[in-house]
Amino acid sequence: MAIHSKKAKEIDVYIDGHKTKCVKGKQKVEINGKIQFLDSYMLPLSLLQYNHDNRRFNLEIQEYETQLGRELNASDREDVKKIIELLLQDTTEAKKLKDDLKQLGEQREVAAITHDGIVVNGNRRMATIEQLHDEEPTGKWNELWVVRLPEDISEKDLWKIEAGLQLSKEKVADYG
């Protein structure tokens, strides 16, 4: 299913207007059983959205939504604050990631986003970078290094990418 959302168009415009600044190189991603080399980018956090349906912390979200009596909206700023809080609730893991980002000065690993900017893998990294940006509003921490998945990617491949990237990492934080 092709994605033609307003957000996808905003990302296209940003990439077209900032090619020399935001393109970081090719990344290997398995799609439909084949390795593809996709461009990676440094994209502003404002173009990206947390994945409300992320399977790694979905239980926490569902529990909170039950208490709240409604679904969290990943485009509402107040709800995003709660999503960030849920992502960073393991303070030990959150501190490790934050310290690692600060020490290195950048991400070690690329995040993955849908064509319209929903973070498939890298929600905790984005939350930590957003936290760093709030603490140090110098402009250094206002982008996420991402590989942008094709607009026609299947749900099956999205799941494989989310599970494969997240569950194969030794630094994975335990959610739920």
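The values are calculated or read from the model by the stated rules, or taken from the named source; none is laboratory data. Quick caveat, the model's predicted, so the values are computed rather than measured. Don't worry about glycine lacking a Cβ; one is built from the backbone with ideal geometry, like all the others, and counts go over all protein chains shown. Quick note on the areas: whole protein, heavy atoms, side chains included, nothing else; ligands and nucleic acids left out. Shrake-Rupley method; radii C 1.70, N 1.55, O 1.52, S 1.80 Å.
Note on the chain: Rg/Rh from C-alpha atoms, Kirkwood Rh, equals 0.94. Taking label points 7 Å from Cα along the Cα-to-Cβ direction, Lys9 and Gln67 give a separation of 3.9 nm.
Packing here is the average count of other Cβ atoms within 10 Å per residue, and on that basis the peptides 51-59, 72-80, 107-115, highest first, run 107-115, 51-59, 72-80. Fully extending the segment from Glu78 to Asp53, taken as 0.36 nm per residue of separation minus the present Cα-Cα distance, adds 7.2 nm.
According to the Cα-based calculation, Rg over Rh for region 51-100 is 1.00, with Rh computed by the Kirkwood formula. The portion of the accessible surface of the chain made up by carbon and sulfur, rounded to a whole percent, is 49 (1.4 Å probe; DNA, RNA and ligands excluded). Only helices enter this figure: runs of n ≥ 4 DSSP H residues, each worth -39500 (n - 2.57), summed and divided by the residues of the chain, yield -13500 deg cm²/dmol at 222 nm to the nearest 500.
The slack in the chain from Thr138 to Val23, taken as 0.36 nm per residue of separation less the alpha-carbon distance, amounts to 39.3 nm.
Past 27 Å, Cα to Cα, is the threshold; run Lys81/Lys102; Lys34/Lys96; Lys7/Lys96; Lys81/Lys156 against it and keep the listed order. Listed pairs above 27 Å: Lys34/Lys96; Lys7/Lys96; Lys81/Lys156.
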